[in-house]
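Heads up, the thing below is written out as structure tokens.
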Amino acid sequence: MKGLELSELFYRSYGDQMLKEIVPRLFDRAAVGLVGPGSECYGFDDEISRDHDWGPSFCIWLEPEDFGRHGEELTKAYDALPQTFMEFGPRRASPGEEGRTGVIDLNRFYKTYTGLDHPPSTLEEWLRIPEQNLSLCTNGKVFRDPLGTFSAWREGLLEYYPEDVRLKKIASRCLTAGQAGQYNVPRSLKRGDMFAFQYALMKYCSDIISLIFLLNRRYSPYFKWMHRGVKELDLLGQSTFEVVQELVAGTGTRGKEELIEDFSGKIINRLREEGLTASESDFLLDHAAEVHGKIEDGNLGQRLAVVG
């Protein structure tokens, strides 16, 4: 049983009727689902996940005026629902994470993760939002949304970054992945500096995963789920999962440089296929400027720089 499936079954069994009985007018106004932080919202949960922030629960997102008028009453009714369901539960919330589920102010939910009271509309607003936050705003499932307000926010984010922002980030990842993997991994090995080697290796792995998410036009999740999540992407997803698995396996150094060079070549080929670079270089860093040069916005394209 996955947490997302459990959540929807729990809502259908108890939440639907609760809404109709406690505040009938909200039945045609409240959005319900399970979206946000937590492995269950990605479908990545397993038996280990069940020791905290997992169990029968769901989110009820209310318009601000509805939350102010009925939030307390509806929260009491939600808290009175059965704590166990289908032999699962009770849900044990981690300290500070009690608000992941239950009755939530819709605007406050999005503002918490985006810092905005409106969907991002400028390139600067898009760049300021941490990518993992965009990922958790668009994961999970909305069970119902009669007004469509929650889903309108969500669908706007799912349309993905404006192309100039995507290019800025791709250029940044080419810069840092090339520097970490193709430049610093071999130099660290020559010096016998194993800390620098391991650090550069993990930086390369993190950056190529992020880059593959960008090429697939999908938001990269919290670091704990990046490797698991990349496997599901259509474009180079499985091969990225496998090469990272091989790079981080064990403590030896044999073959790491060759793996990095080979996979960096695959990424460069994909950049060429997308028309993002015409450079013949086999060094990812050299392609950063090529990709950056495709940015149309004058301000965003002024300087190649590392961005989150």
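Some notes on this structure:
- LEU167 assigned by TED's automatic domain parsing to the domain that holds MET202, in a helix (DSSP H, G or I), in contact (Cβ under 8 Å) with a residue 60 or more places away in the chain and in contact with a Lys or Arg (Cβ under 9 Å, 6 or more places away or on another chain): yes
- The residue list PRO24, PRO37, PRO64 contains one member that is in contact (Cβ under 8 Å) with a residue 60 or more places away in the chain and either out of contact with any Gly (no Cβ under 8 Å at 6 or more places or on another chain) or polar (S, T, N, Q) (or both), which is PRO37.
- Flag for PRO186 being at pLDDT 95 or above, in the same structural domain as ALA31 (by TED's automatic domain parsing) and over 18 Å from the mean Cα position of the chain (by Cα): no
- If only residues of the range 37-48 that are within 18 Å of the chain's Cα centre (by Cα) and under 12 Å from ARG228 (Cβ atoms) are counted, the one that is surrounded by the fewest Cβ atoms within 10 Å (Cβ to Cβ) is GLY43.
- Looking only at the range 68-86, and only at residues there that are among the hydrophobic types (A, V, I, L, M, F, W, C) and either within 17 Å of PRO24 (Cβ to Cβ) or in contact with a Cys (Cβ under 9 Å, 6 or more places away or on another chain) (or both), the one that is surrounded by the most Cβ atoms within 10 Å (Cβ to Cβ): LEU74
- Options LEU271, LEU304, LEU276, LEU285: the member that is buried (at least 16 other Cβ atoms within 10 Å of the Cβ), assigned by TED's automatic domain parsing to the domain that holds GLN179, hydrophobic (A, V, I, L, M, F, W, C) and part of a loop (DSSP other than H, G, I, E, B): LEU276
- Helices (runs of 4 or more DSSP H) lying entirely in the range 107-159 (those with 2 or more residues that are under 19 Å from ASP297 (Cβ atoms) and either assigned by TED's automatic domain parsing to the domain that holds ILE60 or aliphatic (A, V, I, L, M) (or both)): 123-128
- Screening ASN299 on (1) touching a helix residue (DSSP H, G or I) at 6+ places or on another chain (Cβ under 7 Å); (2) outside the structural domain of HIS227 (by TED's automatic domain parsing) shows it passes everything except condition (1).
- Residues located in the range 254-264, provided they are assigned to a helix (DSSP H, G or I) and either charged (D, E, K, R) or under 26 Å from the mean Cα position of the chain (by Cα) (or both): LYS256, GLU257, GLU258, ILE260, GLU261, ASP262, PHE263, SER264
- The test for being modelled with pLDDT under 95 and among the aliphatic types (A, V, I, L, M) does not hold for LEU74.
- Test: residue in the range 126-141 that is modelled with pLDDT under 95 and among the polar types (S, T, N, Q): no
The values are calculated or read from the model by the stated rules, or taken from the named source; none is laboratory data. All values derive from a computational prediction rather than experimental measurement. All Cβ positions, even for glycine, are placed from backbone atoms using ideal geometry, and neighbour counts span all protein chains on display.
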